[in-house]
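*Asks:* Below is one structure. I have some questions about it.
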Amino acid sequence: MAFPVDLRSCQVLGLAGTAFLALGGETAGALPVRDLLAPASVRAALGLVGVYFGVVLLIAAWVLLGRLVRGPQPPGPRALLLVLAVWAAPLLLAPPLFSRDVYSYLAQGAMVDSHMDVYADGPDRLGGPLAEEVAPMWRHTGAPYGPAFLALASALSALTHGELPAGLLGMRLIALLGVALMAMALPRLARLSGADPAAALWLGALNPLVLLHLVAGAHNDALMLGLLGLGLVAAGRRPAVGAVLVTLAALVKAPAALGLLAVVALRVRSGRPPLPAVLTTAVAAAATTVAATAVAGTGYGWIGALDTPVSSHNWALTSLLGRATGALLTRLGSGLAPLAVPAWHLFGLAATAVAVLLIWVRLRPRPVYALGLSLLTVAVFGPAIRPWYVLWGLFLVAAAAPSTSVRHRVAALAGVLALAVLPSGGPADLGQLVLAVSGGVLGVVVLWQARQAAQAPAPVPGGAA
């Protein structure tokens, strides 16, 4: 007998998952420095177990919801948007989870508000409480973000006067705005691509990575993707507006600039000659860049900041291969060992360029899908990777995937990556890994017991005592 599934049970199970995430995050999240507990404390341990228990519940709710979406009577986009709102609600006032990047955003906004060069200096130049909240490895590093995001961060800093709780809430609201824009764009992009809008929402907006990292982590990738999605929707009928929105997305984070290829392709597909489509898109992008940079007052240092160094312990594919090659060369006594990581990064960039070119040659008639695969390629072969980087491409693949099997593979990747980062955003020791696994196993046991109870036969009335 199948495990009974309905929309209400999925909604409640996912809500329980995000509620445990929020509660566990109160002691195990990426807390302000003054609130940090020792990793070995009982409260921190219970919080870590609770977070991973919640993550497993959320993944289970999402998987079960996917069964409904693929079923004979799937929920419509409005019903799925309500589920998204319910699941996200407990995370609204939760502490930051899975990353300390939001503190960097606040410090960089305060720097711009104080007329400091945010691209030449790191948050250490700002000093004070905000700089102390930034992860030590990034305190001396310039901002890798574009002027559109830094203008928002600066405005938030001026509005909150540098107060940490208000700033954290403001950044989360900006991230929620980005997720809302993503949810608005997904059904429209799906129809544009001949895909199922409900399936697009399920994979592109309700998947655990969105809730864990864009909502709970308050990452600016949410705003980038929201603007990118709206720009692609607009590109068909209002190409100039589409180019402006996609450019603004790139001025939040640079990878979105690839979306301009899709804007041109969508214009050509609608009957516009290629050369005028390229020229008008380029003019709109250039004008938007100049205007946004002038409004932000940051200058053009953001162009040089695109090569911001990555963590030496980053687990991107090219970084892993570079470190392995460097270690081998060191053992062999070669003086080329220091060049191993840069060489692999250069190879990754070249491989990305070739792969993106091949994707567009083959999938030019399907620009949204081509863009999604291109952004996935950038994330996988780039010099740095985090679980939420996969959302760059997953968001668009969700809207334009040509088959259910593609969605299944991407969904499996999202489910695995949802378990890949500790709620504190820091590196894991053995004790923390044991606690995280314990929380996940507890979640699996509870779900199994619930399944067994649902499948147990009902007692026969009037049976023997």
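The values are calculated or read from the model by the stated rules, or taken from the named source; none is laboratory data. The model shown is predicted, which means the values in this text are computed figures rather than measured ones. Note that we place each Cβ from the backbone using ideal geometry, even for glycine, and neighbour counts take in every protein chain shown.
*Asks:* Report, by residue number, each residue of segment 318-338 that is part of a helix (DSSP H, G or I) and over 29 Å from Leu375 (Cβ atoms).
*Replies:* Ala327, Leu328, Leu329, Thr330, Arg331, Ala337, Pro338
*Asks:* If you scan segment 121-149, which residues turn out to be within 26 Å of Leu245 (Cβ to Cβ) and not in a loop (DSSP other than H, G, I, E, B)?
*Replies:* Pro147, Ala148, Phe149, listed by residue number.
*Asks:* Name the pairs: first residue in segment 25-36 and of a type in the set (Lys, Arg), second residue outside any loop (DSSP other than H, G, I, E, B) and surrounded by fewer than 17 Cβ atoms within 10 Å (Cβ to Cβ), Cβ to Cβ under 8 Å, at least 6 apart or on different chains?
*Replies:* Filtered contacts from segment 25-36: no entries.
*Asks:* Would you be able to say whether some residue in segment 399-419 is closer than 18 Å to Thr352 by Cα and modelled with pLDDT of 90 or more?
*Replies:* Checked segment 399-419: no residue is closer than 18 Å to Thr352 by Cα and modelled with pLDDT of 90 or more.
*Asks:* Could you grab me the full set of residues in segment 172-189 that are closer than 15 Å to Ala216 by Cβ and either among the acidic types (Asp, Glu) or in contact (Cβ under 8 Å) with a residue 24 or more places away in the chain (or both)?
*Replies:* Matches in segment 172-189: Arg172, Ile174, Ala175, Leu176, Gly178, Val179.
*Asks:* Which ones in segment 157-167 are part of a helix (DSSP H, G or I) and surrounded by fewer than 22 Cβ atoms within 10 Å (Cβ to Cβ)?
*Replies:* Ala158, Leu159, Thr160, Leu164, Pro165, Ala166
*Asks:* Filter segment 9-54 down to the residues that are within 25 Å of the chain's Cα centre (by Cα) and either outside the structural domain of Pro427 (by TED's automatic domain parsing) or of a type in the set (D, E, K, R) (or both) and list them by number.
*Replies:* The one that is within 25 Å of the chain's Cα centre (by Cα) and either outside the structural domain of Pro427 (by TED's automatic domain parsing) or of a type in the set (D, E, K, R) (or both): Glu26.
*Asks:* Sticking with this structure for a sec: What's the total number of residues in segment 258-276 that are without any contact (Cβ under 8 Å) to a residue 24 or more places away in the chain and either under 12 Å from Gly231 (Cβ atoms) or part of a helix (DSSP H, G or I) (or both)?
*Replies:* Total meeting the criteria: 5.
*Asks:* Could you name every one of the helices (runs of 4 or more DSSP H) located completely within segment 176-250 that has at least 1 residues being touching a Phe, Trp or Tyr at 6+ places or on another chain (Cβ under 9 Å) and among the charged types (D, E, K, R)?
*Replies:* Of the helices (runs of 4 or more DSSP H) lying wholly inside segment 176-250, those with at least 1 residues that are touching a Phe, Trp or Tyr at 6+ places or on another chain (Cβ under 9 Å) and among the charged types (D, E, K, R) span 221-235.
*Asks:* Residues Leu442, Leu433, Leu422: which one is in contact (Cβ under 8 Å) with a residue 60 or more places away in the chain and either basic (Lys, Arg) or in a helix (DSSP H, G or I) (or both)?
*Replies:* None of the others qualify; the one that does is Leu442.
*Asks:* If you check Leu169 against the conditions, is it in contact (Cβ under 8 Å) with a residue 60 or more places away in the chain and either of a type outside the set (Asp, Glu) or not assigned by TED's automatic domain parsing to the domain that holds Gly146 (or both)?
*Replies:* The answer is yes for Leu169.
*Asks:* In this structure, is Ile385 among the hydrophobic types (A, V, I, L, M, F, W, C), farther than 30 Å from Leu152 by Cα and surrounded by 15 or more Cβ atoms within 10 Å (Cβ to Cβ)?
*Replies:* no
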